[in-house]
1. Do we have any residue at all in the stretch B:74-85 that's on the phi > 0 side of the Ramachandran plot and either open to solvent by 30 Å² or more (accessible area, probe 1.4 Å) or part of a strand (DSSP E or B) (or both)?
2. Please enumerate the residues belonging to the stretch A:39-58 that are over 14 Å from the mean Cα position of the chain (by Cα) and within 12 Å of another protein chain (Cβ to nearest Cβ).
3. Which one of these does residue A:50 not meet: (1) modelled with pLDDT of 95 or more; (2) crowded, with 17+ Cβ neighbours inside 10 Å?
4. Does residue A:49 satisfy the condition of being in contact with a Pro (Cβ under 8 Å, 6 or more places away or on another chain), at negative phi and in a strand (DSSP E or B)?
5. Quick test for you: out of A:82, A:56, pick the one residue that is in a loop (DSSP other than H, G, I, E, B) and open to solvent by 20 Å² or more (accessible area, probe 1.4 Å).
6. If you go through the stretch B:87-113, how many residues are over 17 Å from residue A:99 (Cα atoms), more than 7 Å from chain A (Cβ to nearest Cβ) and open to solvent by 40 Å² or more (accessible area, probe 1.4 Å)?
7. How many residues does the stretch A:1-46 contain that are part of a strand (DSSP E or B), of a type in the set (D, E, K, R) and over 24 Å from residue B:87 (Cα atoms)?
8. Quick check on my filter: what residues within the stretch A:11-20 are surrounded by 10 or more Cβ atoms within 10 Å (Cβ to Cβ), in contact (Cβ under 8 Å) with a residue 60 or more places away in the chain and of a type outside the set (A, V, I, L, M, F, W, C)?
Amino acid sequence: DGGITQSPKYLFRKEGQNVTLSCEQNLNHDAMYWYRQDPGQGLRLIYYSQIVNDFQKGDIAEGYSVSREKKESFPLTVTSAQKNPTAFYLCASHGTSSYNEQFFGPGTRLTVL
Amino acid sequence: AQSVAQPEDQVNVAEGNPLTVKCTYSVSGNPYLFWYVQYPNRGLQFLLKYITGDNLVKGSYGFEAEFNKSQTSFHLKKPSALVSDSALYFCAVRANSGYALNFGKGTSLLVTP
């Protein structure tokens, strides 16, 4: 099946720890995105990458880092600098045409204990 | 900046009745508009998009949306609601950041039997 996978589904983090969320796609899409979802706030863009070895900050990048070493993979690290990391994190990808819609993964729910 | 607004936090409708979920947009240039649906603890599923052309766009699961340039609106509609349509609906517009999307805050649709 083609699609986007995210792991883990649930993640618990202690204060002061860094954690990495995985996102993999087999859609051969060039562009990938990370969004954060909080209740009543919609989705907000954290980082995006349009090509391997290149990525850009989104609207709320502080406290997060990413890498894009392979076309298929776009992991997100939530660092200890992120003051309020408890949220639902969604990864998405997008094909070449600007007219294409984004495809979303199933999400990772991160909870800070 | 490209933005959308969803003025209703929740919409309630009886099964079999028509439903409308409202969205207005604010953009510079031509708007690329999208509707997504989200079931609890899941990723977003694409419903439909407006890029150009006919103002009435037909999408998945019997949904459609009407693009109205003079009212800067892109309301989601369905002639006959199903209980299984109960979910969270997001309107989105393509942002200036690559092909990322700016989302509305979401509208919770509840269809009662």
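The values are calculated or read from the model by the stated rules, or taken from the named source; none is laboratory data. Bear in mind that the values here come from a model prediction, so they are computed numbers and not experimental data. Cβ coordinates were reconstructed from backbone atoms using ideal geometry, including for glycine residues, and neighbour counts include every protein chain displayed. With ligands, DNA and RNA removed, areas are computed over all heavy atoms of the protein, side chains included. Shrake-Rupley method; radii C 1.70, N 1.55, O 1.52, S 1.80 Å.
1. So in the stretch B:74-85, the residues on the phi > 0 side of the Ramachandran plot come out as none.
Checked against the condition, which is being on the phi > 0 side of the Ramachandran plot and either open to solvent by 30 Å² or more (accessible area, probe 1.4 Å) or part of a strand (DSSP E or B) (or both), the stretch B:74-85 yields no hits at all.
2. Initially, the stretch A:39-58 is screened for residues over 14 Å from the mean Cα position of the chain (by Cα), giving A:39-42, A:51-54.
A:39, A:40, A:41, A:42, A:51, A:54 - these are the residues of the stretch A:39-58 that are over 14 Å from the mean Cα position of the chain (by Cα) and within 12 Å of another protein chain (Cβ to nearest Cβ).
3. Unmet for residue A:50, out of (1) modelled with pLDDT of 95 or more; (2) crowded, with 17+ Cβ neighbours inside 10 Å: (1).
4. Details: in contact with a Pro (Cβ under 8 Å, 6 or more places away or on another chain): no; at negative phi: yes; in a strand (DSSP E or B): yes.
For residue A:49, the condition - in contact with a Pro (Cβ under 8 Å, 6 or more places away or on another chain), at negative phi and in a strand (DSSP E or B) - is not met.
5. Working: A:56 fails: in a loop (DSSP other than H, G, I, E, B).
The match here is A:82.
6. The total comes to 5.
7. If we filter the stretch A:1-46 for residues that are part of a strand (DSSP E or B), which is where we start, we get A:4-7, A:10-13, A:19-25, A:31-37, A:43-46.
Within this subset, residues satisfying the condition of being of a type in the set (D, E, K, R) are A:13, A:24, A:36, A:44.
Keeping just the survivors that are over 24 Å from residue B:87 (Cα atoms) gives A:13, A:24.
Here the count works out to 2.
8. So in the stretch A:11-20, the residues surrounded by 10 or more Cβ atoms within 10 Å (Cβ to Cβ) come out as A:11-13, A:17-20.
Going one step further and asking which of them are in contact (Cβ under 8 Å) with a residue 60 or more places away in the chain, we end up with A:11-13, A:17-19.
Answer for the stretch A:11-20, where residues must be surrounded by 10 or more Cβ atoms within 10 Å (Cβ to Cβ), in contact (Cβ under 8 Å) with a residue 60 or more places away in the chain and of a type outside the set (A, V, I, L, M, F, W, C): A:13, A:17, A:18.
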